[in-house]
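Just so it is clear, none of the values below were taken in a lab; they were calculated from the coordinates. Just so you know, these numbers come straight off a predicted model, no measurement behind them. Backbone-built Cβ (ideal geometry, glycine too); neighbour counts: all protein chains shown.
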Amino acid sequence: MVRIELVINNKLGMHARAAGKFVEAASRYKSEIWLEKGSNRVNGKSIMGILTLAAARGDGVVIEVDGPDEETALETLRDLLKSGFGENG
């Protein structure tokens, strides 16, 4: 299992398009993927779950990945969040 804490940095936060990009990327991996904000923990492959976090710009989230491709999955998802879901350019 690997975990990382990151800050949402895109202007609109984890809105529907950003959540969709996260789910699309997460779904490519066999590992279990969880996204946490505060005491809320949701399946990282569920767009509805992610939207319930209501993660806004500046909010901290934790990505937790457990499985056979966890390192690669975490790297991909970390890069996606750090890039602002491609919305900051």
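Descriptive notes on the structure:
- Residue list for region 42-79, filter: in contact with a helix residue (DSSP H, G or I) (Cβ under 8 Å, 6 or more places away or on another chain) and touching a residue at least 40 places away in the same chain (Cβ under 8 Å): VAL61, ILE63, VAL65, ALA73, THR76, LEU77
- When restricted to residues that are surrounded by fewer than 13 Cβ atoms within 10 Å (Cβ to Cβ) and free of Cβ contacts under 8 Å to residues at least 24 places away in the same chain, region 29-41 contains 2.
- Taken as a whole, the condition of being farther than 14 Å from GLU75 by Cα, among the hydroxyl-bearing types (Ser, Thr, Tyr) and over 10 Å from the mean Cα position of the chain (by Cα) does not apply to SER31.
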